[in-house]
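Worksheet for the structure shown next.
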Amino acid sequence: MRDHLQALRRREGLIFLTAFALCIPAANWLILHVGTTCAPNGPCLLPVAPGVLAPSGVLMVGLALVLRDLVQRRLGVKVAAVGIIAGAVLSAVFAPPHLVIASAAAFLLSETADLLVYTPLQRKGLVLAVAASSAIGLVIDSLVFLYLAFGSLAFLEGQVIGKAWMVLLSLPVIAWLRRRDERLGLTAA
């Protein structure tokens, strides 16, 4: 039974890691192709609250913050740290040329902040740890990306709201995962 649980933990960790990695090219694709309004050469914008628009890539960035926490929960902090570095490289590779530095720096800094907040809080509760670390990460990501990409924080409100929606939508799944883990006796990495 113990081997089965360890195999399940590893399998889920690899799924979370793959989804985490896919968020990066998905965010960069969305920002150039999906939205209710698209400027020539991007960004495409979508409504995230009444009267508030945000670049569409924010949805995947919010999800990436949550998935990074789940990678750490299943595969450990070292794998999560390597995932952050690989993610920053992927972010630079998939970003439009004029957004490479902003995309990579925002990813690296926000995901590192997420890791630093999540790690000590995870023992106090998975949902709290994911919510708090994602909140810190999404603000840092928004500030760094907007400042480096555009020299302006004009879309800050929309960036924060859009990412927060993805985090909030994931919390019931995180709560279910925590309950299932406790029921199965599945430990975090």
For the stretch 1-96, which fully contained helices (runs of 4 or more DSSP H) count at least 1 residues that are surrounded by fewer than 15 Cβ atoms within 10 Å (Cβ to Cβ)? 2-33, 77-94
Test of understanding: among 77, 71, 130, which residue is closer than 23 Å to residue 8 by Cβ, over 14 Å from the mean Cα position of the chain (by Cα), at pLDDT 90 or above and of a type outside the set (D, E, K, R)? 77
Residue check: is residue 14 closer than 21 Å to residue 173 by Cβ, out of contact with any strand residue (DSSP E or B) (no Cβ under 8 Å at 6 or more places or on another chain) and either of a type outside the set (A, V, I, L, M, F, W, C) or modelled with pLDDT of 95 or more (or both)? yes
Could you check the stretch 52-91 and list, in sequence order, the residues that are among the hydroxyl-bearing types (Ser, Thr, Tyr) and within 14 Å of residue 21 (Cβ to Cβ)? 91
Which numbered condition trips up residue 176, out of (1) farther than 22 Å from residue 13 by Cα; (2) at pLDDT 95 or above; (3) among the aromatic types (Phe, Trp, Tyr)? (1)
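Quick grid of which residues meet (1) touching a residue at least 24 places away in the same chain (Cβ under 8 Å); (2) farther than 21 Å from residue 148 by Cβ; (3) hydroxyl-bearing (Ser, Thr, Tyr); (4) touching a Phe, Trp or Tyr at 6+ places or on another chain (Cβ under 9 Å):
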position	(1), (2), (3), (4)
10	yes, yes, no, no
13	yes, yes, no, no
23	yes, no, no, no
33	no, yes, no, no
70	yes, yes, no, yes
89	no, no, no, no
93	no, no, no, no
The stretch 155-189, subset under 16 Å from the mean Cα position of the chain (by Cα) and among the polar types (S, T, N, Q), residue nearest to residue 66 (Cα to Cα): 170
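The values are calculated or read from the model by the stated rules, or taken from the named source; none is laboratory data. This one's a predicted model, so the numbers in the text were calculated from it and none came from an experiment. Positions of Cβ are backbone-derived with ideal geometry, glycine not excepted, and every protein chain shown enters the neighbour counts.
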